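The values are calculated or read from the model by the stated rules, or taken from the named source; none is laboratory data. The model shown is predicted, which means the values in this text are computed figures rather than measured ones. Cβ atoms come from the backbone with ideal geometry, glycine included; neighbour counts cover every protein chain shown. Note: accessible area is taken over every heavy atom of the protein model, side chains too, but ligands, DNA and RNA are not part of it. Shrake-Rupley method; radii C 1.70, N 1.55, O 1.52, S 1.80 Å.
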Amino acid sequence: MRRWIGASLFGLFVTLGMAGETAAPAAQLDATEGVAAAPVELKIANRSIIVFHATLLGETPAAREKRARTVIEEALQGTEDLQVSIDPILHSYLVLLGGRRAFFVSPLDVDPPEASVREAAEQAAANLRTVVEETGQARSVRFLLVALGFSVLATLVYATLLKAAHYLRRKLRSRLPQLMRERARQIRVGHFPLFDMQYLYYLADRLLSLLYWALVLLLGYKWLSYVLSQFPYTRPWGESLDVHLLQLLDYLLSGIVGAIPGLAVALAIFFIARGISGFSQRMLQRLSRPGAIGWLTEETLQPTTRLTSLAIWLFAVVMAYPYLPGSGTEAFKGLSVLVGLMISLGASSVVGQAAAGLILTYSRTLRAGEFVRIGEHEGTVTEVGMFNTTIRTGLGEVLTLPNSMIAGSVTRNYSRAVQGSGYIVDTVVTIGYDTPWRQVEAMLIEAARRTDGILQTPAPRVFQTALSDFYPEYRLVAQAIPSEPRPRAELLSLLHANIQDVFNEYGVQIMSPHYLGDPRQEKLVPPEQWYSAPARPPTAPDDGV
């Protein structure tokens, strides 16, 4: 009785001292140290009782925790039946253990501050009752043996479930190929299976393994939680495992349920974008017909359709992004920053290549099947892509040229300025001024006539493109047969061979003279040699006689 009265008086002084400090912060200043005292948790037998925040009459939370631990452990060492109760003292509560003061619960110990002091005291008393009960169980040999028996039984059940899961997995893996073959026969497009069995089997096997290990981890988690909950000292750990699992399931279910409205809106946006994309594709196909829009042709229809679909889907992604689950989290924000940084660092060249590809496509500079010369490279265009253009040379080479390089260089198109389909073949020779130009032109046209693959209609033509200091320059221009499979390089090789043969037949040297001194004779062509074979003089006009 004397001890209870002393405790009551101590609580009264404490309460009166805190009556004007109810609005003070939870961490009070220690009078001896002059610094804020940190909260201290009181744990007995591995179970949390209460967290002390307040400094009472110079006694810090650490000192209060030490005093309460000493009193409780001393009481638990006895054999008498301990009763836990609470006694209100003004604004505080005194927690009693077997009639002795265990600790005080003041308003400054309540966290958060707006919580009830009585509820905090009752919760601390309930935790202390659990400790008293578990201490008695830990001293009972019969209780420990029963707990050990339940643990052994749970271990046997756990091992049996693991063996059953392993057996079920093995059976499913053995039946999986047969089941997949049966389903693959049903899922066909015409006579061809829709899925590749090899990759589909690998995916199904990995999915089965993932489910197996997820089940093993879940069973192990529950077994560990159950076994720990059987013994008094480890029971808080088992209960915390159960709480964590329930919190995880609650978090997952709440996240899934909360994400359903946003996913519904995002799916609605994507379905609308898909419908608009299909409508724009059909509309562009109609507008590409002759006489509708000049710039929209069969060649520009495909890139225009792709660009339109890309713009629609990008707009849809931007609109649906805020409704996607986790779009406001730090992970999504970091991913957005990373993607933006990657685009800003590496998109300059990509955007330049794409812009050059669009310029080539819509200006119709190149078309597939045309023979062109781009810088030092020439060949037949096989593909005009978004970022590069592929040409096939006559020497068995396939060249991939960046579109930015093509847009910045001179392009010679040998197929665009021909009559009908086909391409232009040209070659240049230089002959001295002492050879009649009419003879040179006739020999070049004769060589073109002898070359298989060169059309005679339109007829080959010879142009004198330059009068240099030592020789004139002759350019032979002809049109090749479009259906001829012979490459342009091979055709030029045959043409050059025929030019050499024709010049040799008429005794004319293919030479580009350069003079170091004045020749004895002037390099002139007398009129009687103007029409040397195979050149023919012009026919005299008919005077009607």
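Structural remarks
- Residues (of a type in the set (Ser, Thr, Tyr) and crowded, with 17+ Cβ neighbours inside 10 Å) located in the stretch 224-244: Ser225, Tyr226, Ser229
- Residues that are modelled with pLDDT of 90 or more and farther than 30 Å from Val131 by Cβ occur in the stretch 219-240; there is at least one.
- Residue match in the stretch 83-102 (condition: of a type in the set (A, V, I, L, M, F, W, C), open to solvent by 80 Å² or more (accessible area, probe 1.4 Å) and at pLDDT 90 or above): no
- Complete set of residues in the stretch 34-59 that are part of a strand (DSSP E or B), open to solvent by less than 30 Å² (accessible area, probe 1.4 Å) and modelled with pLDDT under 85: Leu56
- Number of positions in the stretch 135-177 that are within 30 Å of Gln83 (Cα to Cα), hydroxyl-bearing (Ser, Thr, Tyr) and touching a residue at least 24 places away in the same chain (Cβ under 8 Å): 1
So that you can scan it fast, the table gives a plain yes or no per residue for (1) within 24 Å of Ser151 (Cβ to Cβ); (2) in contact with a Leu (Cβ under 8 Å, 6 or more places away or on another chain); (3) part of a helix (DSSP H, G or I):
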{"site": "Arg206", "(1), (2), (3)": "no, no, yes"}
{"site": "Leu215", "(1), (2), (3)": "yes, no, yes"}
{"site": "Leu219", "(1), (2), (3)": "yes, yes, yes"}
{"site": "Trp223", "(1), (2), (3)": "yes, no, yes"}
{"site": "Ser229", "(1), (2), (3)": "yes, no, yes"}
{"site": "Glu239", "(1), (2), (3)": "yes, no, yes"}
{"site": "Leu245", "(1), (2), (3)": "yes, no, yes"}
{"site": "Leu249", "(1), (2), (3)": "no, no, yes"}
{"site": "Val257", "(1), (2), (3)": "no, no, yes"}
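- Among the residues making up the stretch 207-221, those that are touching a residue at least 24 places away in the same chain (Cβ under 8 Å) and of a type outside the set (Gly, Ala, Ser) are Leu208, Tyr212, Leu215, Val216, Leu219, Tyr221.
The rows are residues; the columns are (1) closer than 16 Å to Leu444 by Cβ; (2) out of contact with any helix residue (DSSP H, G or I) (no Cβ under 7 Å at 6 or more places or on another chain); (3) without any contact (Cβ under 8 Å) to a residue 40 or more places away in the chain.
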residue	(1), (2), (3)
Leu492	yes, yes, no
His496	yes, yes, no
Gln500	yes, yes, yes
Tyr506	yes, no, no
Met511	yes, yes, no
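For (1) of a type in the set (Val, Ile, Thr); (2) outside any strand (DSSP E or B), each residue gets a yes or a no:
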{"residue": "Val95", "(1), (2)": "yes, no"}
{"residue": "Phe104", "(1), (2)": "no, no"}
{"residue": "Pro112", "(1), (2)": "no, yes"}
{"residue": "Ala115", "(1), (2)": "no, yes"}
{"residue": "Ala120", "(1), (2)": "no, yes"}
{"residue": "Ala125", "(1), (2)": "no, yes"}
{"residue": "Arg129", "(1), (2)": "no, yes"}
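- Residue check, Val318 modelled with pLDDT of 75 or more and not in a helix (DSSP H, G or I): no
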